[in-house]
1. Got at least one residue in the stretch 41-48 being surrounded by 14 or more Cβ atoms within 10 Å (Cβ to Cβ) and more than 30 Å from Ile164 (Cβ to Cβ)?
2. Select from the stretch 179-198 the residues that are of a type in the set (Val, Ile, Thr) and under 33 Å from the mean Cα position of the chain (by Cα) and write down the one among them that is surrounded by the fewest Cβ atoms within 10 Å (Cβ to Cβ).
3. Filter the stretch 110-123 for residues that are open to solvent by 30 Å² or more (accessible area, probe 1.4 Å), of a type outside the set (Phe, Trp, Tyr), in contact (Cβ under 8 Å) with a residue 24 or more places away in the chain and assigned to a helix (DSSP H, G or I) and give the result.
4. Please go through the stretch 46-88 and pick out each residue that is in contact with a strand residue (DSSP E or B) (Cβ under 7 Å, 6 or more places away or on another chain) and either under 18 Å from Gln246 (Cα atoms) or aliphatic (A, V, I, L, M) (or both).
5. Please state which one of Ile126, Ile149 is more than 27 Å from the chain's Cα centre (by Cα) and modelled with pLDDT under 95.
6. Would it be correct to say that Phe60 is within 27 Å of the chain's Cα centre (by Cα), under 30 Å from Trp158 (Cβ atoms) and surrounded by fewer than 15 Cβ atoms within 10 Å (Cβ to Cβ)?
7. Name the pairs: first residue in the stretch 276-300 and closer than 20 Å to Met29 by Cβ, second residue open to solvent by less than 30 Å² (accessible area, probe 1.4 Å) and in a loop (DSSP other than H, G, I, E, B), Cβ to Cβ under 7 Å, at least 6 apart or on different chains?
8. Can you name the condition, by its number, that Met261 falls short on among (1) open to solvent by less than 60 Å² (accessible area, probe 1.4 Å); (2) under 27 Å from Ala122 (Cβ atoms); (3) out of contact with any helix residue (DSSP H, G or I) (no Cβ under 9 Å at 6 or more places or on another chain)?
Amino acid sequence: MKNLKRYRTLLLMTMPALIYLLINNYLPMFGIIIAFKDLNFSKGIWGSDWVGFANFEYLFRTADAFLITRNTLLYNTVFIVLGTILSVGAAILLNEVKQKLMSRFYQSIILMPFLISMVIVAYLGIAMLDVENGFLNRQILPLLGIEPISWYGEPKYWPYILTIINMWKSVGYSSIIYFAAVIGIDHEYYEAATIDGASRWQQILKITIPLIMPIITVLVLLSIGRIFYSDFGLFYQVPLNSGALQSTTDVLDTYVFRALMTLGDFGMASAAALYQSFVGFILVVLANYVVSKRSKDQALF
């Protein structure tokens with residue numbers, strides 16, 4: 001009670017954020033109930049019939065269940081591993097730029113793709129990959145003696161295309177976070193290492209990476225928690241919703257969206273969202289357990 005009076009000003013200042021968190025993040029959780037009901041708008045959510053796990057059965061008995069689960073997991077695994085390596089590398093390179101003006105310029109350049117709407121990215125993709133007028137087919141492939149490629153009709157190229165676009169768009173944002181951690185390292189460590197004759201590469205391996213490992217661990221754990229979620233714009237808008245590419249571009253989110261648009265099945269969509277959240281929660285707990293076994297200081301909880 002004494003502490004409440006002492007910190008009442010700070011508590012009042014946190015109230016707007018807490019109210020927003022409650023309304024935006026916790027109240028919608030009651031919508032979970034829709035996953036177990038045959039939603040009928042005339043009866044309302046509470047009056048609709050219970051169907052148990054029927055919505056989950058519909059989701060997993062479909063012939064595409066394995067395909068969309070495989071695509072979602074593999075893409076996100078590649079994004080997490082490759083994105084972490086490239087982001088940390090970019091942060092270390094930014095730290096090597098000593099001129100503040102140039103450092104800020106490079107930060108702005110690499111952050112810019114993150115700010116671009118995925119709709120615009122889709123149009124940039126058309127400009128690059130269009131069969132007749134795309135930059136690759138008209139300018140690059142003829143120089144290499146390669147025949148024009150129907151990019152939007154050949155699914156085998158899209159795992160690489162989507163990975164490149166995701167890295168281009170997301171690495172800048174992540175690298176800024178890692179860069180903030182890198183510049184927070186005490187320079188006395190580097191000065192002592194220089195006196196001991198350590199090369200710059202050895203300083204990176206023995207000082208920089210170990211000291212930013214806690215922030216790397218936290219970001220990776222948070223990414224693992226969303227491993228069953230996908231960037232809808234990346235997988236739906238960039239491939240132009242092409243049916244010929246669905247074997248390599250269809251993920252859980254796009255599948256649910258198509259099912260919702262064609263069938264209007266809100267129960268199945270809610271079941272898929274609950275499935276994503278539940279599996280993400282389990283994965284975060286397991287990953288955090290593994291991390292805590294190695295170093296409790298780096299675990300989330």
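The values are calculated or read from the model by the stated rules, or taken from the named source; none is laboratory data. All of these numbers come straight from a predicted model, not from anything done at the bench. For neighbour counting, all protein chains shown are included, and Cβ atoms are generated from backbone atoms with ideal geometry for every residue, glycine included. What goes into the accessible areas is simple: the full protein's heavy atoms, side chains included, and nothing from ligands, DNA or RNA. Shrake-Rupley method; radii C 1.70, N 1.55, O 1.52, S 1.80 Å.
1. Just the residues of the stretch 41-48 that are surrounded by 14 or more Cβ atoms within 10 Å (Cβ to Cβ), to begin with: 45, 48.
Now drop any that are not more than 30 Å from Ile164 (Cβ to Cβ), which leaves 45, 48.
Checked against the condition, which is being surrounded by 14 or more Cβ atoms within 10 Å (Cβ to Cβ) and more than 30 Å from Ile164 (Cβ to Cβ), the stretch 41-48 yields at least one hit.
2. The extreme case among them is Ile183.
3. Matches in the stretch 110-123: Ile110, Leu111, Met112, Val119.
4. The one that is in contact with a strand residue (DSSP E or B) (Cβ under 7 Å, 6 or more places away or on another chain) and either under 18 Å from Gln246 (Cα atoms) or aliphatic (A, V, I, L, M) (or both): Val51.
5. Ile149
6. Numbers: within 27 Å of the chain's Cα centre (by Cα): yes; under 30 Å from Trp158 (Cβ atoms): yes; surrounded by fewer than 15 Cβ atoms within 10 Å (Cβ to Cβ): yes.
Yes; evaluated as a whole, the condition is true for this residue.
7. Gln276/Phe228; Val279/Phe228; Gly280/Ile227; Gly280/Phe228; Leu283/Ile227
8. Of everything listed in (1) open to solvent by less than 60 Å² (accessible area, probe 1.4 Å); (2) under 27 Å from Ala122 (Cβ atoms); (3) out of contact with any helix residue (DSSP H, G or I) (no Cβ under 9 Å at 6 or more places or on another chain), Met261 misses just condition (1).
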